[in-house]
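What follows is a short report on a single structure.
The values are calculated or read from the model by the stated rules, or taken from the named source; none is laboratory data. As the structure is a prediction and not an experimental result, all values here were calculated from the model. With ligands, DNA and RNA removed, areas are computed over all heavy atoms of the protein, side chains included. Shrake-Rupley method; radii C 1.70, N 1.55, O 1.52, S 1.80 Å.
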Amino acid sequence: MSDMNSSSCVVSIAQREVNNFSQNVATFSHRFHVQLVLFPLDLEMKMFLLPTTICFMAAILVTPPILFSIFSNFSLRQETRFLLLGNALVSDLIYLSLYTLGSICNMVNINIPGHLCVLLLFSLAATYGGGVLTAVGMVVDTYLAILWPLHYLIFLPPSRTKKLIVLLWFSSCLFAGILFLVLYFTQKPDPCQYHLCSLPVILLMTLHGGQAIRLCHILFIIGFILCFSMILCCYIFLCYKTRESGLWKGVSSRASGTFLMHHIILGFYFCPLLLLLAESLLYINEVIDLNTGMQITLIICNVLIVLPKGVSPYLYGHRYRVIYKSLRLFCKFKHHSHVAPADRYT
(Lines give C-alpha, C1' and ligand atoms only; values in the text may rest on other atoms or scores of the structure.)
Protein backbone atom coordinates (compact mmCIF):
# COMPACT_ATOMS: atom_id res chain seq x y z
CA MET A 1 0.00 0.00 0.00
CA SER A 2 2.83 2.41 0.82
CA ASP A 3 4.46 1.64 -2.56
CA MET A 4 1.22 2.53 -4.33
CA ASN A 5 0.99 5.80 -2.38
CA SER A 6 4.61 6.62 -3.13
CA SER A 7 4.24 5.93 -6.85
CA SER A 8 1.03 8.01 -7.02
CA CYS A 9 2.77 10.83 -5.19
CA VAL A 10 5.76 10.72 -7.53
CA VAL A 11 3.60 10.71 -10.63
CA SER A 12 1.61 13.72 -9.39
CA ILE A 13 4.80 15.70 -8.82
CA ALA A 14 6.45 14.46 -11.99
CA GLN A 15 3.40 15.37 -14.06
CA ARG A 16 4.18 19.04 -13.55
CA GLU A 17 7.68 18.54 -14.86
CA VAL A 18 6.34 16.63 -17.87
CA ASN A 19 4.10 19.56 -18.79
CA ASN A 20 7.06 21.92 -18.62
CA PHE A 21 9.64 19.93 -20.53
CA SER A 22 7.50 17.47 -22.56
CA GLN A 23 9.32 14.31 -21.48
CA ASN A 24 8.22 10.83 -20.49
CA VAL A 25 6.34 10.45 -17.19
CA ALA A 26 8.21 7.33 -16.15
CA THR A 27 11.60 9.02 -16.54
CA PHE A 28 10.56 11.92 -14.32
CA SER A 29 8.87 9.59 -11.85
CA HIS A 30 12.07 7.68 -11.32
CA ARG A 31 14.18 10.83 -11.04
CA PHE A 32 11.89 12.59 -8.57
CA HIS A 33 11.41 9.41 -6.56
CA VAL A 34 15.18 9.33 -6.09
CA GLN A 35 15.18 13.02 -5.13
CA LEU A 36 12.33 12.73 -2.61
CA VAL A 37 13.56 9.55 -0.94
CA LEU A 38 17.34 9.81 -1.11
CA PHE A 39 17.81 13.58 -1.02
CA PRO A 40 17.96 13.82 2.81
CA LEU A 41 20.90 11.38 2.79
CA ASP A 42 22.73 13.16 0.02
CA LEU A 43 26.13 14.76 0.64
CA GLU A 44 24.66 18.14 -0.22
CA MET A 45 22.18 17.90 2.66
CA LYS A 46 25.06 17.19 5.01
CA MET A 47 26.93 20.20 3.67
CA PHE A 48 23.94 22.44 4.36
CA LEU A 49 23.92 21.19 7.94
CA LEU A 50 27.39 22.70 8.49
CA PRO A 51 26.36 26.41 8.53
CA THR A 52 23.38 25.58 10.76
CA THR A 53 25.65 23.81 13.25
CA ILE A 54 28.18 26.67 13.16
CA CYS A 55 25.48 29.26 13.89
CA PHE A 56 24.12 27.11 16.71
CA MET A 57 27.56 26.67 18.28
CA ALA A 58 28.27 30.39 17.93
CA ALA A 59 24.99 31.28 19.63
CA ILE A 60 25.34 28.72 22.43
CA LEU A 61 28.75 30.13 23.35
CA VAL A 62 27.63 33.74 23.83
CA THR A 63 23.88 33.75 24.46
CA PRO A 64 23.89 32.07 27.93
CA PRO A 65 26.49 34.53 29.36
CA ILE A 66 24.49 37.47 27.95
CA LEU A 67 21.28 36.12 29.47
CA PHE A 68 23.07 35.54 32.77
CA SER A 69 24.41 39.10 32.76
CA ILE A 70 20.91 40.47 32.12
CA PHE A 71 18.88 38.40 34.56
CA SER A 72 21.46 38.36 37.35
CA ASN A 73 21.70 42.16 37.41
CA PHE A 74 18.79 43.83 39.18
CA SER A 75 19.19 47.16 37.35
CA LEU A 76 19.22 45.47 33.93
CA ARG A 77 16.13 43.45 34.83
CA GLN A 78 14.30 46.72 35.41
CA GLU A 79 15.00 48.04 31.90
CA THR A 80 12.57 47.22 29.13
CA ARG A 81 15.17 47.11 26.37
CA PHE A 82 17.23 44.45 28.13
CA LEU A 83 14.19 42.35 28.98
CA LEU A 84 13.11 42.43 25.33
CA LEU A 85 16.67 41.70 24.23
CA GLY A 86 16.81 38.69 26.55
CA ASN A 87 13.49 37.44 25.20
CA ALA A 88 14.73 37.79 21.61
CA LEU A 89 17.90 35.85 22.42
CA VAL A 90 15.91 33.11 24.17
CA SER A 91 13.56 32.66 21.20
CA ASP A 92 16.48 32.61 18.74
CA LEU A 93 18.39 30.06 20.82
CA ILE A 94 15.35 27.77 21.11
CA TYR A 95 14.79 28.02 17.34
CA LEU A 96 18.41 27.18 16.58
CA SER A 97 18.41 24.27 19.03
CA LEU A 98 15.23 22.70 17.62
CA TYR A 99 16.16 23.26 13.99
CA THR A 100 19.68 21.87 14.45
CA LEU A 101 18.31 18.84 16.30
CA GLY A 102 15.79 18.14 13.54
CA SER A 103 18.44 18.54 10.83
CA ILE A 104 20.79 16.13 12.60
CA CYS A 105 17.99 13.56 12.95
CA ASN A 106 17.29 13.80 9.22
CA MET A 107 20.97 13.51 8.37
CA VAL A 108 21.45 10.31 10.39
CA ASN A 109 18.11 8.97 9.09
CA ILE A 110 16.30 8.96 12.43
CA ASN A 111 12.56 8.77 11.78
CA ILE A 112 10.72 11.40 13.84
CA PRO A 113 7.15 10.28 14.71
CA GLY A 114 4.30 12.28 13.24
CA HIS A 115 3.12 13.86 16.50
CA LEU A 116 6.67 14.88 17.46
CA CYS A 117 7.18 16.30 13.99
CA VAL A 118 4.04 18.43 14.32
CA LEU A 119 5.23 19.60 17.75
CA LEU A 120 8.67 20.42 16.34
CA LEU A 121 7.24 22.43 13.44
CA PHE A 122 4.81 24.20 15.77
CA SER A 123 7.67 25.12 18.12
CA LEU A 124 9.75 26.43 15.22
CA ALA A 125 6.87 28.58 13.99
CA ALA A 126 6.10 29.86 17.51
CA THR A 127 9.73 30.73 18.34
CA TYR A 128 10.30 32.40 14.99
CA GLY A 129 7.09 34.38 15.38
CA GLY A 130 8.07 35.24 18.95
CA GLY A 131 11.38 36.60 17.71
CA VAL A 132 9.65 38.75 15.09
CA LEU A 133 7.10 40.11 17.58
CA THR A 134 9.91 40.82 20.06
CA ALA A 135 11.71 42.79 17.36
CA VAL A 136 8.53 44.83 16.92
CA GLY A 137 8.43 45.38 20.70
CA MET A 138 12.05 46.56 20.67
CA VAL A 139 11.18 49.13 18.00
CA VAL A 140 8.19 50.35 20.03
CA ASP A 141 10.42 50.60 23.10
CA THR A 142 13.02 52.66 21.21
CA TYR A 143 10.30 54.82 19.69
CA LEU A 144 8.80 55.65 23.09
CA ALA A 145 12.18 56.18 24.77
CA ILE A 146 13.32 58.69 22.13
CA LEU A 147 10.14 60.56 21.27
CA TRP A 148 8.37 60.45 24.67
CA PRO A 149 11.17 60.20 27.26
CA LEU A 150 9.13 61.86 30.02
CA HIS A 151 6.24 59.42 29.64
CA TYR A 152 8.38 56.37 28.91
CA LEU A 153 8.20 54.84 32.39
CA ILE A 154 4.46 55.42 32.47
CA PHE A 155 3.97 53.56 29.18
CA LEU A 156 6.41 50.71 29.81
CA PRO A 157 7.25 50.06 33.46
CA PRO A 158 9.04 46.76 34.23
CA SER A 159 5.83 45.06 35.40
CA ARG A 160 4.06 45.93 32.17
CA THR A 161 7.06 44.80 30.13
CA LYS A 162 6.88 41.32 31.65
CA LYS A 163 3.18 41.14 30.80
CA LEU A 164 4.03 42.32 27.28
CA ILE A 165 6.55 39.49 26.88
CA VAL A 166 3.94 36.95 28.02
CA LEU A 167 1.50 38.47 25.52
CA LEU A 168 4.09 38.20 22.74
CA TRP A 169 4.61 34.50 23.40
CA PHE A 170 0.87 33.90 23.64
CA SER A 171 0.32 35.72 20.34
CA SER A 172 3.06 33.79 18.55
CA CYS A 173 1.72 30.45 19.83
CA LEU A 174 -1.82 31.45 18.89
CA PHE A 175 -0.73 32.50 15.41
CA ALA A 176 1.17 29.23 14.89
CA GLY A 177 -1.79 27.25 16.25
CA ILE A 178 -4.26 28.96 13.90
CA LEU A 179 -1.92 28.34 10.97
CA PHE A 180 -1.62 24.62 11.78
CA LEU A 181 -5.38 24.28 12.29
CA VAL A 182 -6.09 25.93 8.95
CA LEU A 183 -3.61 23.65 7.22
CA TYR A 184 -5.08 20.60 8.98
CA PHE A 185 -8.72 21.31 8.11
CA THR A 186 -8.05 22.48 4.54
CA GLN A 187 -5.78 19.66 3.42
CA LYS A 188 -7.35 17.03 1.20
CA PRO A 189 -6.70 13.28 1.22
CA ASP A 190 -3.45 12.91 -0.64
CA PRO A 191 -1.44 9.82 -1.59
CA CYS A 192 1.71 11.85 -0.91
CA GLN A 193 2.78 10.91 2.60
CA TYR A 194 6.06 12.55 3.60
CA HIS A 195 7.73 10.83 6.52
CA LEU A 196 10.66 13.26 6.49
CA CYS A 197 10.36 15.91 9.20
CA SER A 198 12.42 18.54 7.41
CA LEU A 199 11.33 22.18 7.31
CA PRO A 200 12.80 22.91 3.83
CA VAL A 201 11.13 19.82 2.32
CA ILE A 202 7.79 20.54 4.00
CA LEU A 203 7.87 24.21 2.95
CA LEU A 204 8.35 23.18 -0.66
CA MET A 205 5.88 20.32 -0.55
CA THR A 206 3.10 22.57 0.79
CA LEU A 207 3.20 24.27 -2.61
CA HIS A 208 1.86 21.00 -4.06
CA GLY A 209 -1.22 21.24 -1.83
CA GLY A 210 -4.56 22.87 -2.53
CA GLN A 211 -5.22 26.54 -3.05
CA ALA A 212 -5.92 27.13 0.65
CA ILE A 213 -2.60 25.60 1.70
CA ARG A 214 -0.72 27.63 -0.90
CA LEU A 215 -2.52 30.76 0.22
CA CYS A 216 -1.57 30.12 3.87
CA HIS A 217 2.03 29.55 2.81
CA ILE A 218 2.18 32.86 0.94
CA LEU A 219 0.26 34.84 3.60
CA PHE A 220 2.56 33.47 6.33
CA ILE A 221 5.60 34.86 4.52
CA ILE A 222 3.91 38.15 3.59
CA GLY A 223 2.84 38.67 7.23
CA PHE A 224 6.43 38.50 8.43
CA ILE A 225 7.59 40.74 5.58
CA LEU A 226 5.01 43.35 6.59
CA CYS A 227 6.23 43.18 10.21
CA PHE A 228 9.82 43.80 9.16
CA SER A 229 8.72 46.55 6.77
CA MET A 230 6.94 48.27 9.64
CA ILE A 231 10.05 47.93 11.80
CA LEU A 232 12.21 49.42 9.07
CA CYS A 233 9.82 52.32 8.54
CA CYS A 234 9.79 53.04 12.29
CA TYR A 235 13.60 53.20 12.41
CA ILE A 236 13.68 55.50 9.40
CA PHE A 237 11.02 57.69 11.01
CA LEU A 238 13.07 57.82 14.23
CA CYS A 239 16.13 58.84 12.25
CA TYR A 240 14.12 61.57 10.52
CA LYS A 241 12.66 62.86 13.81
CA THR A 242 16.01 63.00 15.61
CA ARG A 243 18.18 64.30 12.75
CA GLU A 244 18.43 67.76 14.36
CA SER A 245 19.07 66.59 17.92
CA GLY A 246 22.79 65.99 17.44
CA LEU A 247 22.57 62.22 17.91
CA TRP A 248 23.79 61.50 14.39
CA LYS A 249 26.82 63.79 14.32
CA GLY A 250 29.71 61.79 12.96
CA VAL A 251 29.69 58.38 11.36
CA SER A 252 31.26 56.85 14.47
CA SER A 253 28.68 58.23 16.91
CA ARG A 254 27.00 55.75 19.22
CA ALA A 255 23.53 56.41 17.80
CA SER A 256 24.76 55.88 14.25
CA GLY A 257 26.42 52.62 15.26
CA THR A 258 23.30 51.35 17.02
CA PHE A 259 21.13 52.39 14.07
CA LEU A 260 23.47 50.59 11.65
CA MET A 261 23.54 47.46 13.84
CA HIS A 262 19.74 47.22 13.95
CA HIS A 263 19.50 47.67 10.19
CA ILE A 264 22.10 44.97 9.56
CA ILE A 265 20.14 42.52 11.74
CA LEU A 266 16.86 43.53 10.09
CA GLY A 267 18.45 43.06 6.66
CA PHE A 268 19.55 39.56 7.68
CA TYR A 269 15.95 38.76 8.68
CA PHE A 270 14.27 40.58 5.79
CA CYS A 271 16.18 39.25 2.76
CA PRO A 272 15.56 35.50 3.35
CA LEU A 273 11.80 36.11 3.58
CA LEU A 274 11.80 38.06 0.33
CA LEU A 275 13.81 35.31 -1.32
CA LEU A 276 11.47 32.64 0.07
CA LEU A 277 8.44 34.53 -1.24
CA ALA A 278 10.03 34.94 -4.67
CA GLU A 279 11.02 31.26 -4.77
CA SER A 280 7.48 30.17 -3.79
CA LEU A 281 5.87 32.30 -6.48
CA LEU A 282 8.34 31.10 -9.12
CA TYR A 283 7.72 27.47 -8.17
CA ILE A 284 3.93 27.85 -8.15
CA ASN A 285 4.07 29.45 -11.61
CA GLU A 286 6.33 26.61 -12.83
CA VAL A 287 9.27 28.86 -13.63
CA ILE A 288 11.69 26.70 -11.61
CA ASP A 289 11.66 22.94 -11.12
CA LEU A 290 11.65 20.83 -7.97
CA ASN A 291 15.42 20.45 -7.80
CA THR A 292 16.06 24.20 -8.06
CA GLY A 293 13.30 24.96 -5.58
CA MET A 294 14.78 22.50 -3.09
CA GLN A 295 18.25 24.00 -3.48
CA ILE A 296 16.96 27.54 -2.86
CA THR A 297 14.81 26.47 0.10
CA LEU A 298 17.76 24.68 1.70
CA ILE A 299 19.95 27.77 1.33
CA ILE A 300 17.25 29.96 2.86
CA CYS A 301 16.44 27.67 5.82
CA ASN A 302 19.91 26.32 6.60
CA VAL A 303 21.98 29.43 5.93
CA LEU A 304 20.12 32.73 5.59
CA ILE A 305 17.48 32.29 8.32
CA VAL A 306 19.86 30.91 10.95
CA LEU A 307 22.67 33.38 10.18
CA PRO A 308 21.19 36.42 12.02
CA LYS A 309 20.31 34.21 14.98
CA GLY A 310 23.95 33.21 15.30
CA VAL A 311 25.41 36.67 14.64
CA SER A 312 23.03 38.91 16.61
CA PRO A 313 24.27 37.88 20.11
CA TYR A 314 27.76 39.08 19.18
CA LEU A 315 26.47 42.35 17.74
CA TYR A 316 24.28 43.04 20.77
CA GLY A 317 27.01 42.00 23.19
CA HIS A 318 29.51 44.27 21.51
CA ARG A 319 27.16 47.23 21.19
CA TYR A 320 25.64 47.42 24.66
CA ARG A 321 28.34 48.59 27.06
CA VAL A 322 26.82 47.04 30.18
CA ILE A 323 26.54 43.63 28.56
CA TYR A 324 30.02 43.91 27.08
CA LYS A 325 31.51 44.71 30.49
CA SER A 326 29.58 41.87 32.09
CA LEU A 327 30.89 39.46 29.45
CA ARG A 328 34.46 40.61 30.07
CA LEU A 329 34.03 40.18 33.82
CA PHE A 330 32.49 36.76 33.23
CA CYS A 331 35.46 35.70 31.08
CA LYS A 332 37.95 37.04 33.65
CA PHE A 333 36.13 35.21 36.42
CA LYS A 334 36.32 31.95 34.50
CA HIS A 335 39.99 32.55 33.78
CA HIS A 336 40.80 33.22 37.45
CA SER A 337 38.77 30.20 38.55
CA HIS A 338 40.87 28.02 36.28
CA VAL A 339 44.22 29.31 37.52
CA ALA A 340 43.29 29.72 41.22
CA PRO A 341 44.06 26.15 42.34
CA ALA A 342 47.64 26.44 41.04
CA ASP A 343 48.28 29.49 43.24
CA ARG A 344 47.62 27.51 46.37
CA TYR A 345 50.78 25.49 46.03
CA THR A 346 53.14 28.33 45.11
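Reducing the stretch 84-148 and the stretch 268-318 to their Cα centroids gives an inter-centroid distance of 15 Å. Judged by the gyration tensor of its Cα atoms, with axes a ≥ b ≥ c, the stretch 73-212 is prolate; a/c meets the 1.5 cut and a/b is the larger of a/b and b/c. The 1.4 Å probe gives accessible areas that order 147, 153, 96, largest first, as 153, 147, 96. Accessible area per residue (1.4 Å probe, heavy atoms of protein chains only) ranks 107, 47, 261 as 47, 107, 261, with the largest value leading.
Which order do you get for 289, 141 if you rank them by accessible area with a 1.4 Å probe, largest at the top? Please report the intermediate quantities before stating the final value.
Values: 289 35, 141 10 Å².
Descending order: 289, 141.
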